[in-house]
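The values are calculated or read from the model by the stated rules, or taken from the named source; none is laboratory data. Keep in mind that this is a model prediction, so the values were computed, not measured. A quick note on method: Cβ atoms are made from the backbone with ideal geometry, for glycine too, and the neighbour counts reach across all protein chains shown. We work out accessible area using only protein heavy atoms, side chains counted, and drop any ligands, DNA or RNA first. Shrake-Rupley method; radii C 1.70, N 1.55, O 1.52, S 1.80 Å.
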Amino acid sequence: MEEVMDHVTSSRQEGPQPPSSESRLFTHWKLQASRKTDLSKKGSVDAAIEEMVRDINLRPEYFTTSSCSGRIVLIDENPDVSSVQKQNCSWLFVTHDLCTKEDVLSGLQKATGDAVLKFEPFVLHVQCRTLQDAQILHGVAINSGFRNSGITVGKKGKIVMAVRSTHCLEVPLSHRAKCLVSEEYIDYLVQSANQKMEENKNRIVRFYSCLQNALCQKNQERGSDGDQKPERPVYTRRRRRQDVSKTGGKCQGPVSDEESGVSLFHDLKL
């Protein structure tokens, strides 16, 4: 018995244990992602979320796989193909900021098929090292207004946290290049899309603030010797959502149950 206890004591004094196979695999995935070419049409991270994406990628437990800060887009779809084949439709107009009625009217003049005006909110996909790491992001997202967010676990053990919301807009404006709505209605749609864009920006700011708060708290929970304290188990019951509106849009406390330099990388095919 004394020999067993001596062995346990000595093993505790050996210092930090080597990374697990799961941790090494995650590091491998992160390295692979950092070497990928950005396949989005823009070819770079949107300016509104560039700092946030960089900070996430600098964390050893996360890396981003795709993102969009939100956009208002007028697309031209071919009416003679199925919806599945409409992925390669042409863009008549796109902005990641507010738009004007003139922007939409100018784009409509270029339409040859079915023009559709869309507002698409902020979306972010982050691969996480552990389920607990994903939970932190999920709590931040829900508290920030992105209530359609969720966590998926792939067959190979990849854990991906998707930050999403449902305040979208999609309205057809023309059919076979013929405009179906009045200029007055287009003006109304533009105002509606701009309002959604403003709310989208506010949610991004709130999300980033809550994220910094949550990650700061996680760092504080680490021991003085750099060893992380045991992570809390995964809870499935719903907890009360923090009311960030009472704190000026900033998270003042925990938002969930609970540096290695990497360049920005994305593979969102838009």
| query | Measuring from label point to label point, each 7 Å out along Cα→Cβ, what is the Ser182 to Glu50 span in nm? | reply | 4.3 nm
| remark: Too long for a 32 Å Cα-Cα cut-off, among Lys110/Lys196; Lys158/Lys201; Lys36/Lys218; Lys118/Lys218, are Lys118/Lys218
| remark: One finds, for Glu102 and Arg164 with R0 = 30 angstrom and r their Cβ-Cβ distance, a FRET efficiency to the nearest 0.05 of 0.45
| request: Enumerate the amide H contacts of Arg164 below 5 Å, restricted to partners 5 or more residues apart or on another chain; note that Pro and chain-start residues carry no placed amide H. | output: Asn148, Ser149, Gly150
| Charge context of Ala193, other residues only, Cβ under 12 angstrom, K/R +1, D/E -1 | -3
| request: Using θ = phi - 60° and the Karplus relation 6.51 cos²θ - 1.76 cosθ + 1.60, list the HN-Hα couplings for the stretch 193-209 in order, rounded to whole Hz, with x at every Gly or Pro. | output: 5, 5, 4, 5, 5, 4, 5, 4, 5, 4, 5, 5, 4, 5, 4, 5, 5
| field | Built amide H within the under 5 Å cut-off of Cys99, gap 5+ | value | none
| query | Each residue of the stretch 117-128 in turn: what ³J(HN,Hα) in whole Hz from Karplus with 6.51, -1.76, 1.60 and θ = phi - 60°, glycine and Pro shown as x? | reply | 8, 10, 10, 10, x, 3, 9, 8, 10, 10, 7, 10
| field | Per residue accessible area in Å² of the stretch 47-139, where ligands, DNA and RNA are left out and the probe is 1.4 Å | value | 40 Å²
| field | Accessible surface of the stretch 107-195, 1.4 Å probe, proportion on carbon and sulfur as whole % | value | 50 percent
